[in-house]
1. Looking at region 258-283 only, could you name the residues that are small (Gly, Ala, Ser), in a helix (DSSP H, G or I) and over 8 Å from the mean Cα position of the chain (by Cα)?
2. Restricting region 110-120 to residues that are more than 9 Å from residue 58 (Cα to Cα) and not polar (S, T, N, Q), which is surrounded by the fewest Cβ atoms within 10 Å (Cβ to Cβ)?
3. Given the criteria without any contact (Cβ under 8 Å) to a residue 24 or more places away in the chain and either in contact with a strand residue (DSSP E or B) (Cβ under 8 Å, 6 or more places away or on another chain) or of a type in the set (D, E, K, R) (or both), does residue 55 qualify?
4. Quick check, is residue 226 touching a residue at least 60 places away in the same chain (Cβ under 8 Å), more than 17 Å from residue 91 (Cα to Cα) and surrounded by 16 or more Cβ atoms within 10 Å (Cβ to Cβ)?
5. Could you please find all residues in region 270-289 being modelled with pLDDT of 90 or more and within 13 Å of residue 93 (Cα to Cα)?
6. Looking at 98, 150, 107, 126, which one is small (Gly, Ala, Ser), surrounded by 22 or more Cβ atoms within 10 Å (Cβ to Cβ) and within 29 Å of residue 24 (Cβ to Cβ)?
7. Against the definition (assigned to a helix (DSSP H, G or I) and touching a helix residue (DSSP H, G or I) at 6+ places or on another chain (Cβ under 6 Å)), how does residue 32 come out, yes or no?
8. Just to be sure I understand the filter: pairs with C-beta atoms under 7 Å, separated by 6 or more residues or on different chains, first member in region 125-137 and of a type outside the set (A, V, I, L, M, F, W, C), second member not in a helix (DSSP H, G or I). Which pairs pass?
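The values are calculated or read from the model by the stated rules, or taken from the named source; none is laboratory data. Here the structure is a predicted model, which is why all the values come from computation and not from measurement. Cβ coordinates were reconstructed from backbone atoms using ideal geometry, including for glycine residues, and neighbour counts include every protein chain displayed.
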Amino acid sequence: MQQAADATHSPAPQLAAPAAESSVRRTVLLAVVIILVALLGVFASRFSVSPRGAASPALLVATQPTLAIIAALAAMIGSLLIALTLAKPINAVVSLFALGCAFAAYAMQTGTISDFVFLGASFKLAALETIAWSGFIALAAMITFRVGGALLDVPAHDSEGTFTGEIIHKRALISLLAGVVAIPVLIFTMIGASKGQAIGACAIAGVLTSVIGRMIAPRAQPILLFAMPALVIGLAQLALAFTTTIAPDIAFVNGTLSPIRVPMPMDIAAGSLIGVAIGLGWSKGLVKHEPPSMHD
């Protein structure tokens, strides 16, 4: 009887050791990747200089916008390639979180809304820059999920379906409407004008976007969801740029500048990636997976 019990329980320690070792390796790999992409982001920010001599709050208002755009794009593409090393051993969400850290590191070196308004810069250009970064995030997410594969805790709508089919599935597309929550989140959480608060507010918007999106479509791979907070905020900023008549610098001094206009493009991109990644992790226990139905 004792021998039988030993035979039953003996494999557990043997399996636990490799699992713990694998977990340590993944943690070390994640830390190394985040450090590398953060260094790339910080380095690239040095090529975006504003007329005031500091790092420009937006690429298109830099003294040499072409150089700033090339440096930022090169850094983020390089960061994506580095972050892709996490897609297989861990998953695509962690890989995109690491990419968000590159954006955050870049953003922390750049100017805030106060620098932007006193430069007399165009909010229309800043909004277009944000929208452009949302496109980059969407492309990066598609590449990352293609490399890393589907999330194991999100069953596919069709086990024999295509990757494109998962992206454009009607429930997946409906879940993207969750990005609208980013607007009220900014209105209620964006109080000051500091860089950390801007990134944090956008990250909260990303968290709520992913949680609501996943509850809407628990069987949808959240690929395009990563880009939605940035896209929605960019579109809202563009609309405000065309409809607001009061001068931005006056509104900023008077404290009447819309909170939606406070985050800069890199702040929004960083918050969108990091927030959605965190929200997807938190929402694992909030969704109930059900068998696909005729209407799914």
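1. Listed by number, the residues that qualify are 279, 281, 283.
2. Ranking the candidates gives 120 first.
3. For residue 55, the condition - without any contact (Cβ under 8 Å) to a residue 24 or more places away in the chain and either in contact with a strand residue (DSSP E or B) (Cβ under 8 Å, 6 or more places away or on another chain) or of a type in the set (D, E, K, R) (or both) - is not met.
4. no
5. 272, 273, 274, 275, 276, 277, 278, 279, 280
6. 98
7. no
8. The qualifying pairs are 129/58.
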